[in-house]
Amino acid sequence: MSRDSAERLVLFDYWRSSAAYRVRIALNLKGLDYEQRAVNLVHGDGEHLSAQYRAINPQQLVPTLLHRGRALTQSLAICTYLDQLFPTPLLVPSDPVAGARVRALALLIACDIHPINNLRVQRYLKAELGAGETAVSDWMQHWMTVGFSALEAMLAGSEETGRFCQGDQPGLADCCLVPQVYNAERFDCDLSGFPMIRAIAAHCREQPAFAAAAPECQPDAVPA
Ligand SMILES: N[C@@H](CCC(=O)N[C@@H](CS)C(=O)NCC(=O)O)C(=O)O
């Protein structure tokens, strides 16, 4: 592998993947060029379940980031990797208290909301537990509402919240929040009780780094 190709950032991506969306935002915030390789999660059983992709990411989830001959997995680990290699702008503040708050907000979404609403969970509910469309939709809305209720309280109750989740600079929490709001809208979750989440998401979406990462702007996007 040539030095140039090893330095290239290659993102295994899917336009509607909220975890990949986080990484796209992070890459854009840092002004990094990257190559996108689409992994279609819904074509047939899903390209992520192929043996070829399993060799790249044993968890068979997107995203995966290739860099310097390594395959990096887990969106938050990838964002942290990017923060260490390309620290401007930092996504997690170096101040311990501010950094812990940003991580807590990001993890609330990435660990406590997203995994129970993932595609494979929806598929399991339908195929193994016999849940219909309405039951799955109720499940999605319920867990997003539970998570967003706590997130709204954490954001609304803190002086550290600014136009973004932490002050007036976008960071890791915003990289997670905007894709989760996208998911909530996709699944018709009622967001009227979450004014702070909606205001921050709206402000983020006005920023070019967030706008360029939006699902509908990705090369593999399927028009509505
Ligand atoms: N914790 C992982 C989650 C990755 C993940 O679940 N990705 C989803 C798309 S958002 C996926 O690949 N789902 C495939 C499936 O559920 O079958 C991360 O943050 O990267």
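Structural remarks
- Residue exposure sequence - ASP33, ASP190 - by fewest surrounding Cβ within 10 Å: ASP33, ASP190
- Taking θ as phi - 60° and the Karplus parameters 6.51, -1.76 and 1.60, the scalar couplings of the stretch 56-73 work out to 8, 9, x, 7, 6, 10, 9, x, 10, 10, 8, 7, 6, x, 10, 9, 9, 10 Hz in sequence order, x denoting glycine and proline.
- Mean ellipticity per residue at 222 nm, deg cm²/dmol - from DSSP H runs of n ≥ 4 across the chain, formula -39500 (n - 2.57): -15000 deg cm²/dmol
- In plain terms, the residue of ARG123, ARG22 with the fewest other Cβ atoms within 10 Å comes first and the most crowded comes last, giving ARG123, ARG22.
- GNM top mover of LEU41, LEU129, LEU82 - the chain, alpha-carbon springs below 10 Å: LEU129
- Shape metrics for the chain, restricted to C-alpha atoms - Rg then Dmax, Å: 17.3, 52
- Taking the number of Cβ atoms within 10 Å of each Cβ as an exposure proxy, the fewest-first ranking of LEU85, LEU61, LEU172, LEU29 is LEU85, LEU61, LEU29, LEU172.
- Added length on full extension, which subtracts the Cα-Cα distance from 0.36 nm per residue, SER5 to SER149: 47.4 nm
- Top of GLN74, GLN52, GLN166 by mean-square fluctuation, Gaussian network on the chain, Cα under 10 Å: GLN52
- Using the average count of surrounding beta-carbon atoms within 10 Å as a protection proxy, the listed peptides 88-95, 196-203 rank, highest first, as 196-203, 88-95.
- Build a GNM of the chain with springs between Cα atoms under 10 Å apart, and of ALA131, ALA110, ALA38 the one that fluctuates most is ALA131.
- Taking the C-alpha atoms of the stretch 96-208, convex hull volume expressed per residue in Å³: 97 Å³
- ARG123/ARG205 FRET efficiency (R0 25 Å; Cβ-Cβ; nearest 0.05): 0.30
- Amide H contacts of ARG37 (H built 1.01 Å from N, under 5 Å, at least 5 apart or other chain): LEU11, PHE12, ASP13
- Summed residue charge, Cβ within 14 Å of ARG123's Cβ, Lys/Arg positive, Asp/Glu negative: -1
- Pair ILE116, ALA135: separation of 7 Å Cα→Cβ label points (nm): 1.7 nm
- For the stretch 172-224 versus the stretch 51-120, the inter-centroid distance based on Cα atoms is 17 Å.
Here, each number is a calculation from the coordinates, and none is a lab measurement. Keep in mind it's a predicted model, so treat the numbers as computed, not measured. Note that we place each Cβ from the backbone using ideal geometry, even for glycine, and neighbour counts take in every protein chain shown.
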